[in-house]
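The values are calculated or read from the model by the stated rules, or taken from the named source; none is laboratory data. Please read these numbers as outputs of a predicted model, since none were measured by experiment. Cβ placement follows ideal geometry from the backbone for every residue including glycine, while neighbour counts extend to all protein chains displayed. In case anyone asks, the SASA skips ligands and DNA or RNA and just uses the protein heavy atoms, side chains included. Shrake-Rupley method; radii C 1.70, N 1.55, O 1.52, S 1.80 Å.
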Amino acid sequence: MVVNVQLEPLLIEGLDIRRPLIMAGPCSAESEEQVMQTAKEVAAAGVKIFRAGIWKPRTRPNAFEGVGSVGLPWLQQVKKETGMLVATEVANVKHVYEALKYGVDIIWIGARTSANPFAVQEIADSLKGVRIPVFVKNPINPDVDLWIGAIERINQAGITSMAAIHRGFSSYDKTIFRNAPHWQVPIELRRRIPELPIITDPSHICGNRDLIFDISQKAMDLGFEGLIIETHIDPDKAWSDAKQQVTPRSLKEILDRLIMRDPEIDADLMLTLAGLRDKIDKFDDRLINLMEERMKVAEDIGHYKKENNITIFQNKRWDDMLRSRIILGNKKGLSEDFINRVFRAIHQESINKQTSIMNND
Ligand code: PEP
Ligand code: MN
């Protein structure tokens, strides 16, 4: 399907935007003091765009839902004292009016809102005739068309200064990520709208501080344009997303360590590589699931052997098995040594499982 967007290069008044475009600041504005202290240190780390959530979409009621409009003058103060541009999330028309009234420079649409076309359309309608950069986070589900749809709605309201924020996707399975990055989704977005800058949000992808550098570097290796990193003066005491926020000092360390590659040369290469790696990840997933199923059968055999008083290890069976796997492997171009090592490891794991059945049941 053709994507219908008309974008201008992301030019934000008074700001020379070069790759990487860095946005940093707390998940939530909590108090004037927390905002100002964080802002001063973030600005000292070289950041030009300050982020702070004023209205916070929370999963359950009764959690801290943001300070609301009282925090907007604090952002004005940040602009005045540090010269940084300020950005916040808007989720409805009231937020848009308030943010515009207080001179917020950039607004973004959060992941839960991007997933809702009615909400995005209302925000788009309220932006007609307004000149402000709007960044659109990916919807919480990995649906590139829904993401594109949200971008189109805002763009068709006349907003031409835009970027996409890749913040990962939620899933039922617990993984090391809070929101799985599914790099193939922003890569597909890049293919469909090449001129749209992509900013990765490692904080919401990781959900903790430890992986932020790796995800940031990967985003840069893919040729994405920027990063939005949650930064707090005292992360452990943050009122929201405490585990994933970093201090301004670690932010600086992360930024200093980043290796920037030339997107002209590397992006295509990295995109191809990422696509291939994605395939490898899927194969490994299947391999592990297959091994799990295989071990379950080995366990059934273990129970059967126990009930019938048969020894775990039958040499002839093992010898036949290994030989037939080597012949099959050979036909598929896999070396004898490789098959030998893989099947010895698998067989050993089966024996361990059966041994524990014999000993414990
Ligand atoms: C945020 O940036 O603090 C936020 C709430 O993000 P998301 O919409 O990605 O969950
Ligand atoms: Mn957050």
I'd like the distance separating the alpha-carbon centroids of segment 76-119 and segment 253-321, in whole Å.
44 Å
If I compute solvent accessible area with a 1.4 Å probe over the protein chains, what percent of it on the chain is carbon and sulfur?
53 percent
So, R0 is 35 Å and r is the distance between the beta-carbons of D285 and R18; what FRET efficiency does that work out to, to 0.05?
0.40
Taking R0 as 41 Å, what's the FRET efficiency between L258 and I310 from their Cβ-Cβ distance, rounded to 0.05?
0.10
Cleavage-rule hits (trypsin sites (Lys or Arg not before Pro)) in segment 39-107: DSSP loop, at most 15 neighbouring Cβ within 10 angstrom
R58
Sites R341 and K80 - FRET efficiency at Förster radius 41 Å, r taken between beta-carbons, to 0.05
0.05
I'd like the distance between the alpha-carbon centres of segment 122-154 and segment 322-361, rounded to an integer number of Å.
53 Å
Is the shape of segment 270-359 best called rounded, prolate or oblate, per the rule: a/c under 1.5 gives rounded, else a/b larger than b/c gives prolate, else oblate, with a ≥ b ≥ c the square roots of the Cα gyration tensor eigenvalues?
oblate
Can you give the calculated 222 nm mean residue ellipticity of the chain, where each DSSP H run of n ≥ 4 adds -39,500 (n - 2.57) and the sum is split over every residue, rounded to the nearest 500 deg cm²/dmol?
-16000 deg cm²/dmol
Please work out how much length the chain gains when fully extended from N4 to S170, using 0.36 nm per residue of separation minus the C-alpha to C-alpha distance, in nm with one decimal.
57.0 nm
Going 7 Å from the Cα of F118 along its beta-carbon direction, which residues of segment 80-100 have the amide nitrogen within less than 15 Å of the resulting point?
92-93
Just to confirm a number: summing +1 for Lys and Arg and -1 for Asp and Glu over residues other than S69 whose beta-carbon lies under 12 angstrom from that of S69, what do you get?
+1
DSSP loop trypsin sites (Lys or Arg not before Pro) in segment 296-334 with at most 10 other Cβ atoms within 10 Å of their Cβ, which ones?
K332
Of all stretches in the chain that avoid GluC sites (Glu not before Pro) placed in a DSSP loop and having at most 12 other Cβ atoms within 10 Å, the longest is 14-194
Measuring with a 1.4 Å probe in the full set of protein chains, what accessible area per residue, in whole Å², belongs to the chain?
53 Å²
